[in-house]
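Reviewing the structure listed below.
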Amino acid sequence: KCSVGEKQGILERLDAGEIVIGDGGFVFALEKRGYVKAGPWTPEAAAEHPEAVRQLHREFLRAGSTVMQTFTFYASDDKLENRGHTQRFTGRQINEAACDLAREVANEGDALVAGGVSQTPAYLSCKSEDEVKATFKKQIDVFVQKKVDFLIAEYFEHVEEAEWAVQVLKTTGMPVAATLCIGPEGDLNGVSPGDCAVKLVKAGAQIVGVNCHFDPVTCVKTVKLMKEGVEKAGLKAHFMSQPLAYHTPDCNCQGFIDLPEFPFSLEPRILTRWDMQKYAREAYNAGIRYIGGCCGFEPYHIRALAEELKHGSWGSGLEMHTKPWVRARARRDYWENLKPASGRPFCPSMATPDGWGVTKGHADLMQQKEATSEEQLKALFDKASKGH
């Protein structure tokens, strides 16, 4: 069941110059479908509602994804019990179920399975390197047992924690990818994208890049800086990009979670499939060969990436539409040059991000097992109303 038979591995594919199409943002997609709670963003659905997770994997596979990422985002035990969150399943139960679902669907096509770990409350709360690494170790034990094809350390705001994750993942002997949720300004300690990439490659990652927090334009720009840093250091790596499906030109270094619309009013910012085709081409031209998506990406977005890079279909089926003015849109240049209207005449095109300026070590970011208290919430509401 876990064998990939004659399938080529991730490094073989990338070494051969093949384009690898990632999948999309499971936590956002499943939250919209009623299977994930916004706030914790934890993946209990892998164990509790496997049919929903299986179906989403299947839709991404059908749309063109060649990697099925296990739905294990934030599946560390310290996150599952953070801030009064009711832990209905252990991290191990979730990770095992997620691996089985990803493998089942990957075997329906030519897709690989990637086991993923992400940043931890333990690191934000200034726990030791050994404690943080022990959290990652518990997750990767399941990935090894389930024989995933490669590992991804994703969604890290601090390169130091990502280095620790890569060091743990490398002990498995599997290929390792590492992506930070950073923009051109670098990580939250100010380490530049180029230096971040060098640190990750030296830690053992063979694939490096960014995911989440920023839109495709920003992410491609950031990966270009990472690529320059790696090449300048005389190192070699493959590069990947898995951005948001939201336009974020007004974000600061913290990314979209600082936008006032996060997380429940982001829809006006969603990228069209034509925005996605442009992203796919720009990423490819920048030398990025692992191209996917994160929060906001639905299967139709991945379909647009595959259409641009794999088989060139661009909606010519409109030639068959009953209305002549719609048939007149059956041409690529129409869609490439369209400036879509939002239908919101009284809304601004840009927002002012919340810039609280806190990161690891600040009292506001210390995590706790207990639920957030009324007093803690009141203090936050007061701080927000006074402009921090």
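The values are calculated or read from the model by the stated rules, or taken from the named source; none is laboratory data. These numbers were taken from a predicted model, which means no experiment stands behind them. No Cβ is skipped: glycine too gets one built from the backbone with ideal geometry, and neighbour counts run over all protein chains shown. Quick note on the areas: whole protein, heavy atoms, side chains included, nothing else; ligands and nucleic acids left out. Shrake-Rupley method; radii C 1.70, N 1.55, O 1.52, S 1.80 Å.
On the given criteria, is PHE143 farther than 22 Å from HIS238 by Cβ, buried (at least 17 other Cβ atoms within 10 Å of the Cβ) and among the aromatic types (Phe, Trp, Tyr)? Outline the logic, then answer.
Values: farther than 22 Å from HIS238 by Cβ: no; buried (at least 17 other Cβ atoms within 10 Å of the Cβ): yes; among the aromatic types (Phe, Trp, Tyr): yes.
When the stated conditions are applied, PHE143 does not pass them.
Would you check if ARG88 is touching a helix residue (DSSP H, G or I) at 6+ places or on another chain (Cβ under 8 Å), in a loop (DSSP other than H, G, I, E, B) and of a type in the set (D, E, K, R)?
Yes; evaluated as a whole, the condition is true for this residue.
Can VAL220 be described as without any contact (Cβ under 8 Å) to a residue 60 or more places away in the chain and open to solvent by less than 20 Å² (accessible area, probe 1.4 Å)? No: the conditions fail for VAL220. Of the helices (runs of 4 or more DSSP H) lying entirely inside the range 287-388, not one is found with 1 or more residues being closer than 21 Å to HIS213 by Cα, open to solvent by 40 Å² or more (accessible area, probe 1.4 Å) and in contact with a Cys (Cβ under 9 Å, 6 or more places away or on another chain).
Could you grab me the full set of residues in the range 300-341 that are of a type in the set (Ser, Thr, Tyr) and over 30 Å from GLU157 (Cβ atoms)? Let's see the steps before the verdict.
Restricting attention to the range 300-341, the residues satisfying the condition of being of a type in the set (Ser, Thr, Tyr) are 300, 313, 316, 322, 334.
Result: SER313, SER316, THR322, TYR334.
Among the residues of the range 190-203, not one is under 13 Å from LYS236 (Cβ atoms), in contact with a Lys or Arg (Cβ under 8 Å, 6 or more places away or on another chain) and not hydrophobic (A, V, I, L, M, F, W, C). Just a yes or no: is a residue in the range 134-142 of a type in the set (Phe, Trp, Tyr), assigned to a helix (DSSP H, G or I) and touching a strand residue (DSSP E or B) at 6+ places or on another chain (Cβ under 6 Å)? Yes, the range 134-142 contains at least one residue that is of a type in the set (Phe, Trp, Tyr), assigned to a helix (DSSP H, G or I) and touching a strand residue (DSSP E or B) at 6+ places or on another chain (Cβ under 6 Å).
Of note, LEU101 does not satisfy the criterion of being modelled with pLDDT of 95 or more, buried (at least 22 other Cβ atoms within 10 Å of the Cβ), within 30 Å of CYS251 (Cβ to Cβ) and of a type outside the set (Lys, Arg).
Only one of the listed residues (ALA233, ALA286, ALA237) is touching a strand residue (DSSP E or B) at 6+ places or on another chain (Cβ under 6 Å), more than 20 Å from ARG62 (Cβ to Cβ) and of a type in the set (Gly, Ala, Ser). That residue is ALA237. For the criterion of being part of a helix (DSSP H, G or I) and either modelled with pLDDT of 95 or more or within 17 Å of the chain's Cα centre (by Cα) (or both), ASP78 fails. In the condition set (1) open to solvent by 10 Å² or more (accessible area, probe 1.4 Å); (2) within 16 Å of the chain's Cα centre (by Cα); (3) not polar (S, T, N, Q), VAL176 is compliant with all but (1).
Is there a residue in the range 339-358 that is of a type in the set (Val, Ile, Thr) and at pLDDT below 75?
Taking the range 339-358 first, the residues of a type in the set (Val, Ile, Thr) are 352, 358.
Add one more test, that the residue is at pLDDT below 75, and what stays is 358.
Yes, the range 339-358 has at least one match.
Tally time: how many residues in the range 25-75 are small (Gly, Ala, Ser) and open to solvent by less than 10 Å² (accessible area, probe 1.4 Å)?
Going residue by residue through the range 25-75, those that are small (Gly, Ala, Ser) are 25, 29, 34, 38-39, 45-47, 52, 63-65, 75.
Keeping just the survivors that are open to solvent by less than 10 Å² (accessible area, probe 1.4 Å) gives 25, 29, 45-46, 65, 75.
Residues that pass the stated criteria total 6.
May I ask you to verify whether PRO193 is open to solvent by 20 Å² or more (accessible area, probe 1.4 Å), modelled with pLDDT of 95 or more and within 25 Å of ASN252 (Cα to Cα)?
no
Is it fair to say GLU231 is without any contact (Cβ under 8 Å) to a residue 12 or more places away in the chain, out of contact with any Asp or Glu (no Cβ under 8 Å at 6 or more places or on another chain) and either polar (S, T, N, Q) or surrounded by fewer than 16 Cβ atoms within 10 Å (Cβ to Cβ) (or both)?
On the way: without any contact (Cβ under 8 Å) to a residue 12 or more places away in the chain: yes; out of contact with any Asp or Glu (no Cβ under 8 Å at 6 or more places or on another chain): yes; either polar (S, T, N, Q) or surrounded by fewer than 16 Cβ atoms within 10 Å (Cβ to Cβ) (or both): yes.
Criteria met by GLU231.
Selection of the range 196-217 for residues being in a loop (DSSP other than H, G, I, E, B), small (Gly, Ala, Ser) and open to solvent by 10 Å² or more (accessible area, probe 1.4 Å) yields only GLY204. A single member of LEU305, LEU338 is closer than 30 Å to GLN254 by Cβ and touching a helix residue (DSSP H, G or I) at 6+ places or on another chain (Cβ under 9 Å), and it is LEU305.
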